[in-house]
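Chemist: Let me begin by handing over the structure; questions about it come next.
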Amino acid sequence: MKPGSSLFIDFEMKFKYEIEGGNFSKAGNASSAVKKILKQLNVPPSIIKKLVVALYEGEVNVVAHAWNGCIRVDIETDRIFVSIEDEGPGIPDIAQAMQEGFSTASQAVREMGFGAGMGLPNMKKNADVLDIRSDVGKGTVVEITTFLKKQE
Amino acid sequence: MTATGFYHALKVDEDKCYGCTHCMNVCPTTAIRIKNGVANIRPDWCVDCGECMRACPVDAIFVEQDDFNRILDYKCRVALVPAVLIGQFPEKVTEAEIFSVMRELGFTHVFQTEHTSGLIKRTMIEAAREAEEKPVISSFCPAIVRLIQIKFPALLDQVLPVKPPIDASAVYFRKRLEDEGYAPEEIGIFYVTPCAAKIAAVKSPVGEQESPLDGVINMQFIYNKIYKLIKSRHETSSISPGEMLPFLSPAAIKYSLTGGEASHMEGRCLAIDEIHNVIEFLEKLENDEIDRVDFLELRACDQSCAGGVLVGGNRFLTTERLNKRAGRFKGVADIPGDIKAYTHFMEQNLDIGPLEPRSMMALDEDMGEAMRKMQQVRHLMCFLPGIDCAACGAPNCQSLAEDIVRRESQLSACVFIQRMMEKHRKLSGEHALKIIEKIWGANRLDKDCDKKGAENNTEV
């Protein structure tokens, strides 16, 4: 809690989901679980939609490219912070990866309907703040922040 | 703000219900709880899909219906019949016979619901072309529209704002009759419904302010009446040919079956039936996992309206009969000539109006409060056994935990928690029994040889 930020005690909830690299049949499970929580917390549908779309893209990225990964969700009443961390090949050129249509996905992955090169651009579009750090040969950390408007 | 006070067609007969949990376990929105030995349906959570009615072993769940004699309040008594009514009769019974018997029952006019389906389809195709977000979702099934309102509010904008045939046809035939010289108050339009959701949709429409229908007739009820009359006619071999109705096109006959809409829309179209299948798919759609689909036909019942909870006949045979019938009407125009003359009027009257979210998912309106409640739920789950036995009167441990946080139940409702409390001497055996009787009814655990399956029960 930031000192003096609020008269009330800031409340915070944290969740964690493991992602299995290469298991496309389970890609989306973490996103669905987060979505259910956000609905129960009465987060406006439009905000849930944006966040879950970004999260799903991130989840699929881990499944398609990395060996394993983990999603951490940190919810506060004024913002939702998601970090998607993986152990994998990493991204050599992040600026290039952010371009629409750029893809390193294998033919096999593309045939499953993934890997069209829209993942990171789509995440950027749906996140208020997107931060990507990568270490080639080690892994990638993608952080998404979504701000919640004050409820009227 | 979310709307409240919705009418529901499904009711529980408290004399017949013995609190067996079948309905509670199949409810796709977990809207049912057992209290005092009987099922309770939460009005804000129910979408009138009818799964509970299907699951009930003692017919304790029923649909409320209008008194049939109410049709006599009107000079012009219109029956609006969907194609699946015909599909239930054996093949030797002709459509003309069915409609002529309906006139004998007191109706002055019989019209077919799918008469406007060609025009609706054309309007939907145009609306889908203009839609910003794909896939668009058909508003055909009222249980699905309600499901989206309460469980998937983020998808509401994707529902096509085009009236389904039941409403469009009611509006159309009312206008026609008014143009023929009947005063508005002389016209009573009654829909013969294959399901509970359409009753609820007529009594409290999802979009528009007022329903164009005056009442609803349970299909099972009218089927029995028609069939009885037809049987007696066959015995006296005085079959009257009856008056012919305008033919429906093959597409119109099959409109309410699975694929009836999807097979005629543009682009990549999917047809999904049965409400649990629909929920599974909408979960994926909401995550944006479904790519490049243009149109979704979603129906709450398996085999769509042929599987409606008030359709007495077997759903596969009904589908087969309608498919056969459609084969006989090849070449019939999809938009009948009489509708073409009313195109302008219909175009102005096909909009369903705004659909409001009715979210039931939130633990609290205030997010901070909802977070606190979620924390409490998670804390309670530390103690609950995770067996999902439903002995607490809620469908599973998670639901009980949420009910406790909503102050609608208590931790001691769990029989396993009761055991632990007894062990720690925090609950007497007598008190535990009282709690059980509160949920399952007084004397529920007494020996009763008359209950279903017991020694004296001879009903099989």
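Chemist: Looking at (1) buried (at least 22 other Cβ atoms within 10 Å of the Cβ); (2) at pLDDT below 95, which is the only condition B:Glu97 fails?
Modeler: That leaves (1) as the condition not met.
Chemist: When you scan the stretch B:429-443, do you find a residue that is more than 30 Å from A:Leu41 (Cβ to Cβ), aromatic (Phe, Trp, Tyr) and part of a helix (DSSP H, G or I), even just one? Walk me through how you get there before you give the answer.
Modeler: Here is the first cut: in the stretch B:429-443, the residues more than 30 Å from A:Leu41 (Cβ to Cβ) are B:429-438, B:440-443.
With the extra rule that they be aromatic (Phe, Trp, Tyr), the set shrinks to B:440.
Narrowing further to those that are part of a helix (DSSP H, G or I): B:440.
Yes; the residues of the stretch B:429-443 include at least one that is more than 30 Å from A:Leu41 (Cβ to Cβ), aromatic (Phe, Trp, Tyr) and part of a helix (DSSP H, G or I).
Chemist: Still on this structure, please answer the following. I want to confirm something. Restricting to the stretch A:28-45 and keeping residues that are buried (at least 19 other Cβ atoms within 10 Å of the Cβ), more than 8 Å from every other protein chain (Cβ to nearest Cβ) and under 13 Å from the mean Cα position of the chain (by Cα), which single residue is nearest to B:Met361 (Cα to Cα)?
Modeler: A:Val34
Residues are listed down the side, and each one gets a yes or a no for (1) surrounded by 12 or more Cβ atoms within 10 Å (Cβ to Cβ); (2) part of a helix (DSSP H, G or I):
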| site | (1), (2) |
| --- | --- |
| B:Gly331 | no, no |
| B:Met361 | yes, no |
| B:Asp364 | yes, no |
| B:Arg372 | yes, yes |
| B:Leu380 | yes, yes |
| B:Pro385 | yes, no |
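Chemist: Just a yes or no: is a residue in the stretch B:290-298 over 30 Å from A:Gly58 (Cβ atoms), outside any loop (DSSP other than H, G, I, E, B) and without any contact (Cβ under 8 Å) to a residue 24 or more places away in the chain? I'd like the intermediate steps shown before the answer.
Modeler: Kept after step one, since they are over 30 Å from A:Gly58 (Cβ atoms), are these residues of the stretch B:290-298: B:297.
Now restrict to residues that are outside any loop (DSSP other than H, G, I, E, B): B:297.
From what is left, the residues that are without any contact (Cβ under 8 Å) to a residue 24 or more places away in the chain are none.
Scanning the stretch B:290-298 turns up no residue that is over 30 Å from A:Gly58 (Cβ atoms), outside any loop (DSSP other than H, G, I, E, B) and without any contact (Cβ under 8 Å) to a residue 24 or more places away in the chain.
Chemist: Now for a different question. Might you let me know whether the stretch B:306-320 holds any residue that is surrounded by fewer than 19 Cβ atoms within 10 Å (Cβ to Cβ), within 16 Å of the chain's Cα centre (by Cα) and either part of a strand (DSSP E or B) or touching a residue at least 60 places away in the same chain (Cβ under 8 Å) (or both)?
Modeler: yes
Chemist: Which ones in the stretch B:287-309 are under 18 Å from B:Thr258 (Cβ atoms) and among the hydrophobic types (A, V, I, L, M, F, W, C)?
Modeler: Residues satisfying the conditions are B:Val293, B:Phe295, B:Leu296, B:Leu298, B:Ala300, B:Cys301, B:Cys305, B:Ala306, B:Val309.
Chemist: Additional query: When you go through (1) in contact with a helix residue (DSSP H, G or I) (Cβ under 9 Å, 6 or more places away or on another chain); (2) small (Gly, Ala, Ser); (3) not in a helix (DSSP H, G or I) one by one for B:Gly181, which number turns out not to apply?
Modeler: Of everything listed in (1) in contact with a helix residue (DSSP H, G or I) (Cβ under 9 Å, 6 or more places away or on another chain); (2) small (Gly, Ala, Ser); (3) not in a helix (DSSP H, G or I), B:Gly181 misses just condition (1).
Chemist: With B:Phe89, B:Phe111, B:Phe107 as the choices, which residue is within 18 Å of B:Asn218 (Cα to Cα), in contact with a helix residue (DSSP H, G or I) (Cβ under 6 Å, 6 or more places away or on another chain), outside any helix (DSSP H, G or I) and of a type in the set (Phe, Trp, Tyr)? Working first, answer last.
Modeler: Numbers: B:Phe89 fails: in contact with a helix residue (DSSP H, G or I) (Cβ under 6 Å, 6 or more places away or on another chain); B:Phe107 fails: in contact with a helix residue (DSSP H, G or I) (Cβ under 6 Å, 6 or more places away or on another chain).
That would be B:Phe111, the only listed residue that is within 18 Å of B:Asn218 (Cα to Cα), in contact with a helix residue (DSSP H, G or I) (Cβ under 6 Å, 6 or more places away or on another chain), outside any helix (DSSP H, G or I) and of a type in the set (Phe, Trp, Tyr).
Chemist: If you don't mind, another one. Condition test on A:Gly58, is it in contact (Cβ under 8 Å) with a residue 12 or more places away in the chain, in contact with a Phe, Trp or Tyr (Cβ under 7 Å, 6 or more places away or on another chain) and within 14 Å of another protein chain (Cβ to nearest Cβ)? Break it down into steps so the answer makes sense when it comes.
Modeler: Values: in contact (Cβ under 8 Å) with a residue 12 or more places away in the chain: yes; in contact with a Phe, Trp or Tyr (Cβ under 7 Å, 6 or more places away or on another chain): no; within 14 Å of another protein chain (Cβ to nearest Cβ): yes.
Considered against the rule, which asks whether it is in contact (Cβ under 8 Å) with a residue 12 or more places away in the chain, in contact with a Phe, Trp or Tyr (Cβ under 7 Å, 6 or more places away or on another chain) and within 14 Å of another protein chain (Cβ to nearest Cβ), A:Gly58 comes out as no.
Chemist: Looking only at the stretch A:61-77, count how many residues are at pLDDT 90 or above and within 9 Å of chain B (Cβ to nearest Cβ).
Modeler: Result for the stretch A:61-77: 2.
Chemist: Is there any pair with a first residue in the stretch B:144-155 that is in the same structural domain as B:Leu285 (by TED's automatic domain parsing) and a second that is modelled with pLDDT of 90 or more and polar (S, T, N, Q) whose Cβ atoms are under 7 Å apart and which are 6 or more apart or on different chains, and what are they?
Modeler: B:Val145/B:Ser139; B:Ile150/B:Thr29; B:Lys151/B:Thr29
Chemist: Criterion first (within 20 Å of the chain's Cα centre (by Cα) and touching a residue at least 60 places away in the same chain (Cβ under 8 Å)) does B:Ser100 satisfy it? First the steps, then the outcome.
Modeler: Details: within 20 Å of the chain's Cα centre (by Cα): no; touching a residue at least 60 places away in the same chain (Cβ under 8 Å): yes.
No; evaluated as a whole, the condition is false for this residue.
Chemist: Step by step: first the residues of the stretch A:1-17, then only those that are at pLDDT 70 or above and exposed (fewer than 12 other Cβ atoms within 10 Å of the Cβ), then the one that is farthest from the other protein chains (Cβ to nearest Cβ). Which residue is that?
Modeler: Start the filter on the stretch A:1-17 by keeping residues that are at pLDDT 70 or above, which leaves A:11-17.
Next cut, exposed (fewer than 12 other Cβ atoms within 10 Å of the Cβ) only: A:14, A:16.
Details: A:Lys14: 11, A:Lys16: 13 Å.
Looking at residues that are at pLDDT 70 or above and exposed (fewer than 12 other Cβ atoms within 10 Å of the Cβ), I get A:Lys16.
Chemist: Yes or no: B:Cys49 touching a residue at least 24 places away in the same chain (Cβ under 8 Å) and either within 14 Å of the chain's Cα centre (by Cα) or not assigned by TED's automatic domain parsing to the domain that holds B:Ile144 (or both)? Spell out the reasoning first.
Modeler: Values: touching a residue at least 24 places away in the same chain (Cβ under 8 Å): yes; either within 14 Å of the chain's Cα centre (by Cα) or not assigned by TED's automatic domain parsing to the domain that holds B:Ile144 (or both): yes.
Yes: the conditions hold for B:Cys49.
The values are calculated or read from the model by the stated rules, or taken from the named source; none is laboratory data. Just so it is clear, the structure is predicted and the values come from calculations on it, not from any experiment. Counting neighbours? That spans all protein chains shown, and the Cβs are built from the backbone with ideal geometry, glycine included.
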